[in-house]
Every structure is written in structure tokens, then in C-alpha cells.
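Inspection log for the structure reproduced underneath, given as C-alpha cells.
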Amino acid sequence: MRLNGHKIAVLMESDFYEPEILYYRYRFPEEGAEVHFLTRLWGNEAMTFQGHEHRMPFEVTESFEDLDEFALKEYSAVIVPSGMVSDRLRYTDDPEQLPPASQFLRRAFADPAIVKGIICHGMWLAAPIPNLMRGRRAVVHNNLLGDLRNMGGEYVDEDVVIHDDLVTGRTGNHCHVFARTIIDLLADRQPAEPAPAAQAVQPAEAVQPAQAVPAGQG
């Protein structure tokens, strides 16, 4: 299979587009990739989200906030899906701080070895960090044309657009060509090496006390 050893992260929240998420759930593993759905868990062990069209439940147990720099590097791609996922994820408790999901996206953009996939309304997640899109060619849903241009991006009227390590898709209904493009890109790359396991520190050997030498034998 073409993507053996690759890991792909898909961000999740409620009001996701069910056909798109189900497509990723099964299509990437068909090529041998691991798919991990990540969200902000708000201190919970798991959260169940509902789809936008059919209110389909979808449980997520992994948080992007738990990924350190080594764990992030294990991912070959990070996908921001369509629907209202990015709008919900770009919430911030403190108006002076970036949303945690936008911080995560910025970390992914800082590593050119990670393919970034943003489709349809997923571009909303980049709005708090517009410098990520400045000078990049991309396609978005027609409702986000102003958002992309205000971020300094260059709109391209195609269903899927590639600019270096960024893949963008027009709408959730284009998830099949969007996913195929990501698969083709990753198939030409070596998967990331797993983060090294922490080595247990071996206790120092106890120093044996010196034996007293009996008098007259020294």
C-alpha cells in the first residue's frame, strides 16, 4: 500500500460534513495510512460531536493540545475539514491569545515536511494567523473569497490547488479529489520516524564501602 507508515491528522468538532469525514476515515487506511481525529477535549477523556447534515455522532479521544514537537513530527499531513469545524475550533477563551487550534495549525505550517490540507470553510482556522496564507495560491468556498484575499492569499479557480506543502480544496463535495491529491503527495515521501521512546535512567551502581584492613596485614 502506498501510504504504509504514514500518519494523518484530521481536526474535528461538531457540525462536520459527514460524507467528507467518513471518506477520510476509510480512504486513507485503504492506502495504509493511520488516521487520527484530533480536537480540543476541554479536559475530557472523550467528546462526541454531531454532524451537520444528519446529526451523526462521532467520538474523538485524542487532543491536538497534547502533541509535543516530537509527536507532531510523526504526522505526514494535517487536515482542516469543511463544515463548521474550523469555526468552532477557532474559539479562544482570551481575546488576547490565539485559539489553541490556530496555534496548532501554526506549528504544523512551521514544518514543511508536514502536508497541510485545508478544504472549503476550513480556511477560517487560518484567519487569526493571516501571515500563513500571505502570498500562497489557494482555493476556498466562494463564501470565503474575501477572507482569503484579506489574508494575502491568491485565489485560484480550481477544485484543488497545491502550493508547496499546502493543499486546498473548494468544497466538502470535492473531498475525494482533495484526498487523492494528498495521497499522491505523501506516496512520494518517506513517512516520518516515530518519536524516540524515553529511555529509563539506570540507577548508578552502589559504591561498596572500603574493607578495613586488619592491623599487621597492611
**Request:** Report the label-to-label distance for ALA71 and ASN44 in nanometres (one decimal), using points 7 Å from each Cα along the Cα→Cβ vector.
**Result:** 1.9
**Complete:** By the mean-Cβ-within-10 Å protection proxy, highest first, 18-29, 171-182 rank as 171-182, 18-29
**Residue-averaged 222 nm ellipticity for the chain, from DSSP H runs of 4+ at -39500 (n - 2.57), nearest 500** = -6500 deg cm²/dmol
**Message:** Under a Cβ-only charge scheme (Lys and Arg +1, Asp and Glu -1), can you give me the dipole magnitude of the chain about the Cα centre, in debye to the nearest 20?
**Reply:** 380
**Prompt:** Which one of TYR91, PRO81, LEU105 is farthest out on the positive end of the charge dipole of the stretch 36-118, using unit charges on Cβ (Lys, Arg +1; Asp, Glu -1) and the Cα centre as origin?
**Reply:** PRO81
**Prompt:** Nearest-5 percent of antiparallel DSSP beta bridges in the stretch 105-176?
**Reply:** 40
**Estimated inter-spin distance, ARG107 and HIS54, nm [label 7 Å along Cα→Cβ]** = 3.4
**Asked** For the chain, with every protein chain kept in place, what is the accessible area per residue (1.4 Å probe, Å²)?
**Response** 53
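Counting only DSSP beta bridges with both residues in the stretch 1-124, tell me the antiparallel percent, nearest 5.
Among the beta bridges of the stretch 1-124, antiparallel pairing accounts for roughly 20 percent.
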**Item:** Which label in [x] 17.2, 57; [y] 18.6, 59; [z] 23.0, 99 gives the computed Rg and Dmax of the Cα atoms in Å
**Value:** [z]
**Carbon/sulfur fraction of accessible area - the chain, other protein chains in place, 1.4 Å, %** = 48
**Request:** Note down the relative contact order for the stretch 104-153 as a percent, whole number, built from C-alpha pairs under 8 angstrom at least six residues apart.
**Result:** 36
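The values are calculated or read from the model by the stated rules, or taken from the named source; none is laboratory data. Note that the structure is predicted; figures quoted are calculated from it, not measured. Ideal geometry is used to build each Cβ from the backbone, glycine not excepted, and the neighbour counts take in all protein chains shown. What goes into the accessible areas is simple: the full protein's heavy atoms, side chains included, and nothing from ligands, DNA or RNA. Shrake-Rupley method; radii C 1.70, N 1.55, O 1.52, S 1.80 Å.
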